[in-house]
1. Scanning for something over 44 Å from the mean Cα position of the chain (by Cα), in contact (Cβ under 8 Å) with a residue 12 or more places away in the chain and surrounded by fewer than 19 Cβ atoms within 10 Å (Cβ to Cβ), does segment 48-58 turn up at least one residue?
2. Within segment 272-349, which strands (runs of 3 or more DSSP E) (wholly inside it) include 1 or more residues that are assigned by TED's automatic domain parsing to the domain that holds D242 and within 22 Å of T203 (Cβ to Cβ)?
3. Please go through (1) over 21 Å from H21 (Cα atoms); (2) within 37 Å of the chain's Cα centre (by Cα); (3) touching a residue at least 24 places away in the same chain (Cβ under 8 Å) for S89 and return the number of the only condition it doesn't satisfy.
4. Does A265 qualify as being crowded, with 23+ Cβ neighbours inside 10 Å, touching a residue at least 12 places away in the same chain (Cβ under 8 Å), closer than 20 Å to T172 by Cβ and not basic (K, R)?
5. Yes or no: segment 214-236 includes at least one residue that is farther than 20 Å from F189 by Cβ and part of a strand (DSSP E or B).
6. Among the residues of segment 303-340, write down those that are closer than 26 Å to I185 by Cβ and touching a residue at least 40 places away in the same chain (Cβ under 8 Å).
7. Kindly provide the set of residues from segment 92-120 that are crowded, with 19+ Cβ neighbours inside 10 Å and either closer than 18 Å to V78 by Cα or touching a residue at least 60 places away in the same chain (Cβ under 8 Å) (or both), ordered by number.
8. Considering (1) of a type in the set (A, V, I, L, M); (2) in a strand (DSSP E or B); (3) out of contact with any Pro (no Cβ under 8 Å at 6 or more places or on another chain), say which one I268 fails and leave the rest.
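The values are calculated or read from the model by the stated rules, or taken from the named source; none is laboratory data. Nothing here was measured: the structure is a model prediction, and the numbers come from that model. Because the Cβ atoms are built from the backbone with ideal geometry, glycine has one as well, and the counts that use them run over all protein chains shown.
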Amino acid sequence: MVIPAATSDAPPETTPPAAVHRVLMVDDQKLVGAFVRRILEGQPEFVFEFCDDASAAVAKAEAFRPTVILQDLVMDEVDGLEMVRLYRSVPATATVPVIMLSATEGAVVKAQLLDSGANDYLVKPPNNVELIARLRVHSEAHLRRLERDEAFRELEAERQKSEALLLNILPTKIALRLKNQERTIAESFPAVTVLFTDLCGFTQFSQQVDAHHLVEILDRIFSLFDHLASDHGVEKIKTIGDAYMAVAGLPEPRPDHADAVAKMALGIRDSFAGLMRQLGLDLQVRIGLHSGPVVAGVIGKHKFIYDLWGDTVNIASRMESHGEPSMVHVSEATRSLLEGRFTFVDRGEVEVKGKGPMRTSFLIGRS
């Protein structure tokens with residue numbers, strides 16, 4: 001015979017609710033404070049704090065962080081309406097609900113209280129059930145507001161991160177156009193100067209070091225280039241392996257585009273050599289410049305890239321690849337824009353792949 005297990009009609013044990021409602025009562029009558037304390041003692045979700053000194057109420061509130069305030073209307077030191085205005089002027093209590101307590105009830109008094117910023121009104125001594133209900137309703141509303149505010153702050157922080165990331169990979173003007181839901185961004189620019197760099201010997205060097213060290217060095221190098229681009233108002237376009245591409249004259253046209261890129265190129269030449277000495281490496285940089293028209297636009301839907309197209313880009317790349325280590329190789333078009341403000345060494349005609357013979361020069365420095 002199987003004997004059934006004993007059963008009990010007693011309700012299952014439950015964990016008492018955690019205290020979430022923080023009640024601060026400000027009243028110069030300690031007996032009233034004791035009365036309210038007794039009412040709330042049987043309510044585990046409430047934490048109660050009493051203050052009988054109006055001058056200390058704000059400091060007490062800042063330390064206690066109440067979710068609802070019970071404020072006496074008539075106090076010896078200060079009027080309760082003035083206390084409400086004071087709460088609203090302090091960040092810690094500016095949005096905390098305030099329930100006023102008064103020995104009398106009247107429409108005029110209620111109107112004055114609500115006008116001063118109070119949220120509710122109770123007659124002393126308050127009914128136990130009504131007091132608990134009012135405190136819970138206003139405290140829960142405040143807690144929900146805090147949760148919404150926190151969610152909004154988190155959303156705003158994420159939005160700012162997204163914007164910062166977008167601005168980090170796209171020119172500011174282009175990023176703003178994308179934010180404004182512009183679907184296709186493509187423009188022609190009649191006059192820009194394009195810069196290409198390449199690290200001589202980097203492929204062989206990369207086979208001799210571990211991945212972490214390799215990326216760390218590239219980061220140091222390209223961060224240096226980025227800093228120079230920012231200093232001279234030049235737009236970085238992209239890096240491809242150990243190559244770096246930048247341009248001046250877009251997305252905002254500027255008449256001194258060639259000067260800006262020339263100054264950046266000379267800065268790269270000199271500061272790169274200093275960085276290599278600092279790192280104890282024997283790498284060199286080759287730099288090429290060319291000026292002319294380009295088409296620029298954004299490609300991609302999920303991973304955006306702002307890029308350039310046209311013969312100007314191709315020739316700038318050829319200036320770099322047909323150049324010499326630690327030299328800034330420029331086309332005749334770029335030199336003509338810089339003449340008189342910079343110094344050059346003629347290189348003569350160079351057979352450029354895909355273009356035939358071209359007259360080029362090395363940019364040496366500023367006049």
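1. Step one: of segment 48-58, the residues over 44 Å from the mean Cα position of the chain (by Cα) are 52.
This time we only want the ones that are in contact (Cβ under 8 Å) with a residue 12 or more places away in the chain, so: 52.
Imposing the further condition that a residue be surrounded by fewer than 19 Cβ atoms within 10 Å (Cβ to Cβ) reduces the set to 52.
Yes, segment 48-58 contains a residue that is over 44 Å from the mean Cα position of the chain (by Cα), in contact (Cβ under 8 Å) with a residue 12 or more places away in the chain and surrounded by fewer than 19 Cβ atoms within 10 Å (Cβ to Cβ).
2. Details: elements: 284-299, 305-309, 328-331.
Per the criteria, 284-299, 328-331.
3. (3)
4. On the way: crowded, with 23+ Cβ neighbours inside 10 Å: yes; touching a residue at least 12 places away in the same chain (Cβ under 8 Å): yes; closer than 20 Å to T172 by Cβ: no; not basic (K, R): yes.
When the stated conditions are applied, A265 does not pass them.
5. no
6. Step one: list which residues in segment 303-340 are closer than 26 Å to I185 by Cβ, which gives 303-317.
Within segment 303-340, F304, I305, Y306, D307, L308, T312, V313, N314, I315, A316, S317 meet the criteria.
7. Narrowing segment 92-120 to residues crowded, with 19+ Cβ neighbours inside 10 Å: 93, 96-101, 113, 118-119.
Once the filter is applied, which keeps residues that are crowded, with 19+ Cβ neighbours inside 10 Å and either closer than 18 Å to V78 by Cα or touching a residue at least 60 places away in the same chain (Cβ under 8 Å) (or both), segment 92-120 yields T93, V98, I99, M100, L101, L113, A118.
8. (2)
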